[in-house]
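*Asks:* I have a structure here, written as structure tokens, and I will follow up with some questions on it.
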Amino acid sequence: MALPLSVPVSIFFLIVAYILYRRLRFKLPPGPRPWPVVGNLYDINPIMFRCFAEWAQAYGPIVSVWLGSALNVVVCNAELAKQVLKENDQQLADRHRTRLTARFSRDGKDLIWADYGPHYVKLRKVSTLELFSAKRLDELRPIREDEVTFMVESIFKDCTNPENHGKSLSVKKYLGDVAFNNITRLAFGKRFMNSEGIIDEQGQELKAIVNDGSRLGASPTMAEHIPWLQWMFPQEEEVLAKLDARRDRLVRSIMEEHNNARKKSGGAKNHFVDALLTLQEKYDLSEVTFISLLWDMIFAGMDTTAISVEWAMAELIKNPRVQQKARDELDRVVGLERVMTCTARYQSSHVYDRSSSSPFSLDHP
């Protein structure tokens, strides 16, 4: 009995010794003392950025945090962030892929989670020169303006509805709807939501996939940070596999619709699916990369836009001086008789500097 028991105990101590050796081998920034195997997972509060802020006060502006067996170095001031993201951007360009992001990106076959190298450079070129060129964005401008106008009209309609008198309206709902409609029209060239706010079957599946992916990403399990424990959670692998199959099936059905439409019309439109289909042979884009790149736009474009605008509005409410400065600039550039457009936004330096974002604006770990 002693021999079978000694084997797993020995393996456990070997793993712990290896982890400790890795931690002691390098001169790392200070940080909270990690526990064996789990690291600092049990020390992190649900609101992670507050936890990091407290550690920065205790250990300094650069902190070592162990999430299981993975080392994370957290920088907490503008000067260090500039060194990481600007001065040493190529050396630190790679994003660490967890089990979820590795599955989502097909192990870095997309743009957001790609390692810095020829594949990343190629996709960056496709995005910068083809998908998000100034010419293409200007051609797609009416879509963005149309959706924002529809959102404003919806808010006005609900505010003037007698049934809503004295009630508060959730801005997040309207921002989520405009982000959803905007990205689906830009990506697929179609609106899944009608004027009454009812989403068709294809749109419901798209939204369900995005919500399920966000939920899985926001609730990582122990196996995400301790890879050798993954065998203990087979049900999670099954959930991820089903989500992968659903998103691939949805995009392939939309690709087939666009291929059939292109054959009938003999030409391509400006939205991203047709653009990628046109560029697929020119840039040697595999189907896996095609699908992954499209989902990059959907996931990052929907969440980033809604969250950024909601955050900006909250900050303006907290800072009346900045709010008044933005209002004065809009009154000067746009006036009271015209509607705000993308062109006018570019002429408003104060507003434009604080509203620039891209469909790939995810946090860099």
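The values are calculated or read from the model by the stated rules, or taken from the named source; none is laboratory data. Small disclaimer: the values here were computed from a predicted structure and weren't measured. A quick note on method: Cβ atoms are made from the backbone with ideal geometry, for glycine too, and the neighbour counts reach across all protein chains shown.
*Asks:* Give the residue that is nearest to Thr149 (Cα to Cα), with candidates limited to residues of segment 311-339 that are in contact (Cβ under 8 Å) with a residue 24 or more places away in the chain, in contact with a helix residue (DSSP H, G or I) (Cβ under 7 Å, 6 or more places away or on another chain) and not basic (Lys, Arg).
*Replies:* Top of the filtered list is Met313.
*Asks:* Now, a different point. So if I check each of Tyr59, Tyr21, which one is hydroxyl-bearing (Ser, Thr, Tyr) and at pLDDT 85 or above?
*Replies:* Tyr59
*Asks:* What are the residues in segment 203-228 that are surrounded by 16 or more Cβ atoms within 10 Å (Cβ to Cβ), of a type outside the set (D, E, K, R) and closer than 14 Å to Asn181 by Cα, if any?
*Replies:* Gly203, Leu206, Val210
*Asks:* Could you tell me which residue of segment 32-56 is farthest from Thr221 (Cα to Cα), considering only residues that are at pLDDT 90 or above and over 24 Å from the mean Cα position of the chain (by Cα)?
*Replies:* Top of the filtered list is Ala56.
*Asks:* Next up: Is it true that Lys173 is surrounded by fewer than 19 Cβ atoms within 10 Å (Cβ to Cβ) and either under 23 Å from Ala275 (Cβ atoms) or not assigned by TED's automatic domain parsing to the domain that holds Leu250 (or both)?
*Replies:* When the stated conditions are applied, Lys173 does not pass them.
*Asks:* Against the definition (among the β-branched types (Val, Ile, Thr), modelled with pLDDT of 90 or more and within 28 Å of Val210 (Cβ to Cβ)), how does Val309 come out, yes or no?
*Replies:* no
*Asks:* A further question on this structure: Counting just the residues of segment 182-198 that are over 16 Å from the mean Cα position of the chain (by Cα) and part of a helix (DSSP H, G or I), which one comes out surrounded by the fewest Cβ atoms within 10 Å (Cβ to Cβ)?
*Replies:* It comes out as Arg185.
*Asks:* Also: Could you please give the count of residues in segment 29-61 that are in a strand (DSSP E or B) and surrounded by 15 or more Cβ atoms within 10 Å (Cβ to Cβ)?
*Replies:* Number of matching residues: 1.
*Asks:* Tell me which residues, restricted to segment 65-82, are loosely packed, with under 14 Cβ neighbours inside 10 Å and not in a loop (DSSP other than H, G, I, E, B).
*Replies:* Ala78, Glu79, Ala81, Lys82
*Asks:* Could you tell me how many of the residues in segment 307-344 are under 22 Å from Ala179 (Cβ atoms) and part of a helix (DSSP H, G or I)?
*Replies:* 16
*Asks:* Where the second residue is of a type in the set (Val, Ile, Thr) and buried (at least 18 other Cβ atoms within 10 Å of the Cβ) and the first is under 15 Å from Ala58 (Cβ atoms) and free of Cβ contacts under 8 Å to residues at least 24 places away in the same chain and lies in segment 26-45, which pairs have Cβ atoms under 9 Å and are six or more apart or on separate chains?
*Replies:* Asp43/Val65; Ile44/Val65
*Asks:* Could you grab the pairs with beta carbons closer than 7 Å, sequence gap of 6+ or different chains, first residue in segment 102-127 and farther than 16 Å from Ala300 by Cα, second one of a type in the set (D, E, K, R)?
*Replies:* What qualifies is Arg103/Asp244; Asp115/Asp94; Tyr116/Asp94.
*Asks:* On the given criteria, is Ser292 polar (S, T, N, Q) and surrounded by fewer than 14 Cβ atoms within 10 Å (Cβ to Cβ)?
*Replies:* No; evaluated as a whole, the condition is false for this residue.
*Asks:* Looking only at segment 57-85, how many residues end up being in contact (Cβ under 8 Å) with a residue 40 or more places away in the chain and touching a Lys or Arg at 6+ places or on another chain (Cβ under 9 Å)?
*Replies:* 3
*Asks:* Then there is this: Return the total of residues in segment 251-282 being in a loop (DSSP other than H, G, I, E, B), surrounded by fewer than 14 Cβ atoms within 10 Å (Cβ to Cβ) and not small (Gly, Ala, Ser).
*Replies:* Adding up the residues that qualify gives 2.
*Asks:* With respect to Met297, determine if the residue is closer than 22 Å to Thr128 by Cα, at pLDDT below 85 and surrounded by 12 or more Cβ atoms within 10 Å (Cβ to Cβ).
*Replies:* Against the criterion (closer than 22 Å to Thr128 by Cα, at pLDDT below 85 and surrounded by 12 or more Cβ atoms within 10 Å (Cβ to Cβ)), Met297 does not qualify.
*Asks:* Within segment 235-250, how many residues are exposed (fewer than 12 other Cβ atoms within 10 Å of the Cβ) and more than 21 Å from Leu294 (Cα to Cα)?
*Replies:* 2
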